[in-house]
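Worksheet: the structure to be examined is printed underneath.
The values are calculated or read from the model by the stated rules, or taken from the named source; none is laboratory data. This structure is a prediction, so every number in the text was calculated from the model and none was measured. Counting neighbours? That spans all protein chains shown, and the Cβs are built from the backbone with ideal geometry, glycine included. In case anyone asks, the SASA skips ligands and DNA or RNA and just uses the protein heavy atoms, side chains included. Shrake-Rupley method; radii C 1.70, N 1.55, O 1.52, S 1.80 Å.
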Amino acid sequence: MARTHWLESAMTELKRTISIDEIQNTRGVRFGTSGARGLVVDMSDEVCFAYAAAFLEAISARSGAVALAMDLRPSSPTIAAACAAAIRDRGLGVDFCGAIPTPALAYHAQTNRLPGIMVTGSHIPFDRNGIKFYRADGEITKADEAKISAAVVDVPVTHTAVLPEVNRKAYDAYVARYVDFFPPQCLAGMRLGFYEHSSLARDVLRTILERLGAEVVSLGRTDEFVPIDTEAVSTADIEQARRWAKEYRFDAIVSTDGDADRPLVGDENGDWFRGDVLGILCAQYLRAKGVVTTVSSNTAVERCSAFDVVSRTRIGSPYVIEGIEQQLAAGVSPVVGFEPNGGFLVGSAIERDGRSLAPLITRDAVLPILCVLMMARERGVKLSALPAELPARFTASDRIQAFPTALSRQLIDSFAASGDAFSQAFGGCFGECVSQDQTDGLRVTLSSGEIIHFRPSGNAPELRCYAEAASQARAEQMVHEGLSRMKALVSKA
């Protein structure tokens with residue numbers, strides 16, 4: 001007890017001043033499209049304490065508690081403990097929710113009017129991690145990010161870094177959110193495979209599905225962290241899902257990324273749905289009037305004519321949230337949002353069949369999974385029939401990892417500046433460029449009506465490529481050719 005008292009005293013007496021801007025410029029931990037992220041070796045206690053302190057200063061948190069949760073990466077408990085120390089240093093309580101999905105943490109924070117901190121690297125490579133921040137009313141904005149980046153904070157030279165016992169209320173509230181919205185036993189008779197890997201949803205989603213009546217078979221559970229990218233599903237995971245489907249004869253296979261804010265849904269054949277197709281179907285099931293999605297999403301969202309208003313934004317949930325707020329301000333309701341990774345946001349209350357679903361303006365993986373299962377059940381069809389009802393536009397995406405962001409931008413800028421440069425690099429496989437969209441990276445519409453889109457990732461040194469065509473095979477071919485040409489350009493440089 002005496003040692004703890006001495007440490008607490010030291011926290012107030014021995015401190016050093018740290019600039020967040022300096023951390024971003026020299027230590028490699030900086031804001032991307034989903035919070036502050038960096039290499040684990042760079043995310044020291046001091047750096048993580050400083051970011052958490054800057055966040056609390058930026059939102060003027062003066063009293064009460066802060067909700068805190070983490071994913072299952074081995075580095076996450078240490079980072080969470082440093083964030084907890086920063087919370088205590090400000091005189092606030094730590095409402096530690098344990099290892100739960102990011103949207104569960106966000107929902108708990110929103111419901112209880114608490115700020116929230118989520119330690120997660122989501123889908124990024126294993127050697128990295130990150131921290132996401134929530135105000136009491138939802139995800140922080142780009143303006144909040146700017147305040148945090150400009151902050152100068154005092155960090156104790158010595159501090160206690162321990163995590164309190166887990167508060168189960170966040171877990172229970174997230175289960176109740178969906179069990180109360182969907183009809184009792186609505187999934188009875190459905191046999192589902194659940195690719196659990198190291199997903200934060202592996203317990204909570206199973207609980208929800210079973211309470212709604214489904215039979216759930218566990219697949220691929222592991223204690224080693226698996227960085228699943230729902231926007232660039234690996235060949236191994238594609239092939240594995242088809243083997244599982246053939247062996248077990250599931251009605252569907254479901255999964256999520258690491259922090260469970262991005263879904264994966266496979267049909268009865270084990271073929272994974274694209275995230276933007278999943279988003280369109282979910283929005284239809286919820287009878288949304290307004291939809292906000294990113295510039296990289298499938299154009300079937302407009303072509304299906306199911307929504308009164310469709311808005312396009314830059315890639316990243318903060319931009320989708322800004323678009324949702326703009327639609328709500330214009331009187332559109334209900335409004336939802338989604339990204340090509342499948343993450344789904346509920347911008348306003350949803351009423352369906354006498355049940356209400358509260359807004360949750362952060363990416364969520366569970367809702368789109370439940371909506372497509374229910375859509376298939378209500379229509380009396382197999383899951384594979386649902387995308388066939390949409391306009392025949394098919395998308396694909398992939399990435400080159402360990403591709404320097406500066407190099408990505410240099411190549412993309414050269415194509416944007418000169419149509420000849422694009423034609424010289426890609427004309428043989430893509431045809432003539434008829435228009436360009438530089439909302440986020442470079443999105444080129446071709447004379448064939450096909451689309452090719454390049455952009456540097458906002459979360460890691462990766463070059464991403466997206467394509468849209470009249471067939472899935474052609475979209476995948478375009479992505480493969482686009483990334484291969486980019487690699488060739490680099491090798492010649």
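So which of Ala396, Ala421, Ala402, Ala460 is open to solvent by 40 Å² or more (accessible area, probe 1.4 Å) and either at pLDDT below 95 or touching a His at 6+ places or on another chain (Cβ under 6 Å) (or both)?
Values: Ala396 fails: open to solvent by 40 Å² or more (accessible area, probe 1.4 Å); Ala421 fails: open to solvent by 40 Å² or more (accessible area, probe 1.4 Å); Ala460 fails: open to solvent by 40 Å² or more (accessible area, probe 1.4 Å).
Just a single option satisfies the conditions, and that option is Ala402.
Find all pairs meeting these conditions: Cβ atoms under 8 angstrom apart; at least six residues apart or on different chains; first residue within region 128-151 and within 23 Å of Pro77 (Cβ to Cβ) and open to solvent by 20 Å² or more (accessible area, probe 1.4 Å); second residue modelled with pLDDT of 90 or more and in a helix (DSSP H, G or I).
If the second residue must be modelled with pLDDT of 90 or more and in a helix (DSSP H, G or I), the pairs left are Arg128/Val40.
Can you pull out every residue in region 67-95 that is open to solvent by 10 Å² or more (accessible area, probe 1.4 Å) and either aromatic (Phe, Trp, Tyr) or out of contact with any Leu (no Cβ under 8 Å at 6 or more places or on another chain) (or both)?
Hits for region 67-95 are Met70, Pro74, Ser75, Thr78, Arg88, Asp89, Gly91, Gly93.
Since Leu219 meets every condition but one in (1) modelled with pLDDT of 95 or more; (2) surrounded by fewer than 18 Cβ atoms within 10 Å (Cβ to Cβ), which condition does it not meet?
Answer for Leu219: the failing condition is (2).
Failed condition for Gln326, given (1) outside any strand (DSSP E or B); (2) crowded, with 20+ Cβ neighbours inside 10 Å, with all others met?
Failed condition: (2).
Among Ser414, Ser397, Ser384, which is the only one that is in contact with an Asp or Glu (Cβ under 8 Å, 6 or more places away or on another chain) and part of a helix (DSSP H, G or I)?
Checking each option against the conditions leaves just Ser384.
Could you look through region 340-386, keep only residues that are at pLDDT below 95 and more than 16 Å from the chain's Cα centre (by Cα), and pick out the one that is surrounded by the most Cβ atoms within 10 Å (Cβ to Cβ)?
Arg352
Which one is nearest to the chain's Cα centre (by Cα), of the residues in region 28-66 that are open to solvent by less than 20 Å² (accessible area, probe 1.4 Å) and under 19 Å from Asp229 (Cβ atoms)?
Here the residue is Ser34.
Of the residues Arg206, Arg242, only one is of a type in the set (Lys, Arg), under 27 Å from Ser296 (Cβ atoms) and surrounded by fewer than 24 Cβ atoms within 10 Å (Cβ to Cβ); which? Spell out the reasoning first.
Values: Arg206 fails: under 27 Å from Ser296 (Cβ atoms).
Residue meeting the stated conditions: Arg242.
What's the number of the condition Ser198 fails, among (1) more than 22 Å from Gly343 (Cα to Cα); (2) open to solvent by less than 40 Å² (accessible area, probe 1.4 Å)?
So Ser198 meets the others, but not (1).
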